[in-house]
Amino acid sequence: MRNRIDIVREEPISIAKSAEAEGDAELVRRAQQGEKEAFAMLVCRHEKRVYWIVQGILQNQADAEEVLQESFLKALKHIRGFRGEARFSTWLIQIAINEARMRQRKYRPGLYDSLDEERDDPSGFRPRELADWRANPEEAMAKEEMRLLLQQAIHSLPKIYREVFLLRDAERLSNQETAGALGISISATKTRLLRARLMMREFLAPHFKLSWRERLLARVKRRGRPRMGGHHDPL
Amino acid sequence: MIRCEEILREISNYIDQDITPELRRQVEQHLGGCRRCTVLVNTTRKTLTLVADNYVLELPREVAERLMNRLNACWGTLFIPPPENGLERER
Ligand SMILES: [Zn+2]
């Protein structure tokens, strides 16, 4: 483990992302002064991601809608206390995650915590699907089918991995923002992310791996022509 | 030469380019000679691309409407207006 590093490195924030944050800051300022339209604009900007994050965590549409509403109500209630140390979106996501967790505990106690928390050690994870994938998995299925499959894959993750994966790889938050929103350390974020990604890959692999015939062709290509005399077509 | 298990541990950081140049060099050296790990890295990376490309956020219109309605209804009771004399203003 000598090589393991754990320094905090700020990921580059894209121009679009910081422009969005800048617009948010202005809207927040106006909302804090009581401008209803400014708050409504913030809602329009962020309602989708909040909904999909909580939907991803709760996996239930009715619950997700309820938490969506509660989150924005809470944001409204505390908007004047928001001092802009974090971006508005990060602050909002943090509220939403807390609301989602509260709802889980209230309505589905015992279903999560004990089951999930103890699996926080990715060192035991061994990938089993080791065959290569076809070059363009997108071409293997229709767009809608692909989205459904990815949703199933995300839903198959235990909660602690799902949360991290949703924020990091679906929402594209940084490690630091993800850690902040989930209330865990950056190193725990990275550890869980690794496990989440490997599990996602494992789930998807059977759908995208090369067929027996394609594998054989690929192997022939790598190693050159087979030594079978006179046979030009290996199949 | 680092081993396959170490590659497995660093896959995520490697993909995020969140490792030291020295470790990166070692990982790449390993990948050059290990097909199993190369497949693992490539397919993990592909997994992330697929998720990023297909993560489209849509909100059912009724859900958005109900949210706005609820916020509208609660605005008066939840929002604490700033003091009118502007005492809070910075300048
Ligand atoms: Zn290897």
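Overview of values
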item	result
Region A:75-97, residues that are surrounded by fewer than 17 Cβ atoms within 10 Å (Cβ to Cβ) and in a helix (DSSP H, G or I)	A:Lys77, A:His78, A:Gly81
Flag for A:Arg168 being free of Cβ contacts under 8 Å to residues at least 12 places away in the same chain and in contact with a helix residue (DSSP H, G or I) (Cβ under 7 Å, 6 or more places away or on another chain)	no
Long-range neighbours under 8 Å by Cβ, at least six apart or interchain, first residue at the interface with chain A (Cβ under 9 Å from one of its Cβ atoms) and closer than 12 Å to A:Arg126 by Cα within region B:1-19, second away from the ligand (no atom under 12 Å from the Cβ) and of a type in the set (A, V, I, L, M, F, W, C)	B:Leu8/A:Phe125; B:Leu8/A:Leu198; B:Arg9/A:Leu194
Residue that is surrounded by fewer than 16 Cβ atoms within 10 Å (Cβ to Cβ) and modelled with pLDDT of 90 or more, where the choices are A:Glu37, A:Glu11	A:Glu37
Check on B:Leu31, at negative phi, facing chain A (nearest Cβ under 8 Å) and in contact with a helix residue (DSSP H, G or I) (Cβ under 8 Å, 6 or more places away or on another chain)	no
Qualifying positions in region A:125-150 - aromatic (Phe, Trp, Tyr) and either touching a Pro at 6+ places or on another chain (Cβ under 6 Å) or surrounded by fewer than 16 Cβ atoms within 10 Å (Cβ to Cβ) (or both)	A:Phe125
Number of the condition not met by A:Asn3 [criteria: (1) within 8 Å of chain B (Cβ to nearest Cβ); (2) at pLDDT 90 or above]	(2)
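The values are calculated or read from the model by the stated rules, or taken from the named source; none is laboratory data. Bear in mind the structure is a predicted one, so any value in this text is a computation, not a measurement. Please note: Cβ atoms are built from the backbone with ideal geometry, for glycine as well, and neighbour counts cover all protein chains shown.
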